[in-house]
1. Residues VAL107, VAL58, VAL89: which one is surrounded by fewer than 17 Cβ atoms within 10 Å (Cβ to Cβ) and not small (Gly, Ala, Ser)?
2. Can you pull out the strands (runs of 3 or more DSSP E) entirely within the range 1-106 that have at least 2 residues that are out of contact with any Pro (no Cβ under 8 Å at 6 or more places or on another chain) and either among the hydroxyl-bearing types (Ser, Thr, Tyr) or at pLDDT below 95 (or both)?
3. Output the number of the condition that GLY68 fails; it satisfies all remaining conditions of (1) at positive phi; (2) in contact with a Gly (Cβ under 8 Å, 6 or more places away or on another chain).
4. For the list (1) of a type in the set (D, E, K, R); (2) within 20 Å of ILE59 (Cβ to Cβ); (3) assigned to a helix (DSSP H, G or I); (4) within 17 Å of the chain's Cα centre (by Cα), I need the number of the one condition that LYS125 fails.
5. Scanning for something acidic (Asp, Glu), outside any helix (DSSP H, G or I) and in contact (Cβ under 8 Å) with a residue 24 or more places away in the chain, does the range 131-142 turn up at least one residue?
Amino acid sequence: MQKTYTPKVQALGDKKWYLVDANDQIVGKLATMIANTLRGKNKPIFTPHLDCGDYVVVINAEKIKFTGAKLDQKMYYSHSGFKGGLKSVPARKILEEKPTMIIENAVKNMLPNNKLRKVFMDKLKVFAGEEHPHEAQKPQKLEL
């Protein structure tokens, strides 16, 4: 009888660093690619209960695109926990004030809702402009 191979944490090896340029990219497609890279689904040793993924650095988050009329119609909600504490903000305002939040929120919602989500989100680095402090890691360009 064949046994299923399960990689050990030590066998996963070194994590790679990838650089993604979000200039004129669609939010959903970009977030899907980033989430799969963070989880390690593009590797042959992917295991759902282990952290097999790599680090991802996203630049130009302020130049991301929405399809259709989502820029005005999509709302981001937050609740204070008190009665009447629901706040809704359109995507256009979020893009102007905190452009990194859009990508972080989209990727976070595409990751599994378990203890590994925080581990994956810690490996995501999002920056509004061209500059980032991770040149020392020599990130490779990741194409969509």
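1. Values: VAL107 fails: surrounded by fewer than 17 Cβ atoms within 10 Å (Cβ to Cβ); VAL58 fails: surrounded by fewer than 17 Cβ atoms within 10 Å (Cβ to Cβ).
Sole residue among the options that is surrounded by fewer than 17 Cβ atoms within 10 Å (Cβ to Cβ) and not small (Gly, Ala, Ser): VAL89.
2. Numbers: elements: 17-21, 55-59, 75-79, 86-90.
Per the criteria, 75-79.
3. (2) is the only condition that GLY68 fails.
4. (3)
5. From the range 131-142, those acidic (Asp, Glu) are 131, 135; that's our starting set.
Now drop any that are not outside any helix (DSSP H, G or I), which leaves 131.
Cutting the leftovers down to in contact (Cβ under 8 Å) with a residue 24 or more places away in the chain gives us 131.
Within the range 131-142, one or more residues are acidic (Asp, Glu), outside any helix (DSSP H, G or I) and in contact (Cβ under 8 Å) with a residue 24 or more places away in the chain.
The values are calculated or read from the model by the stated rules, or taken from the named source; none is laboratory data. Values in this document were obtained by computation on a predicted structure and should not be read as measured data. Reconstructed Cβ throughout: ideal geometry from the backbone, glycine too, with neighbour counts over all protein chains shown.
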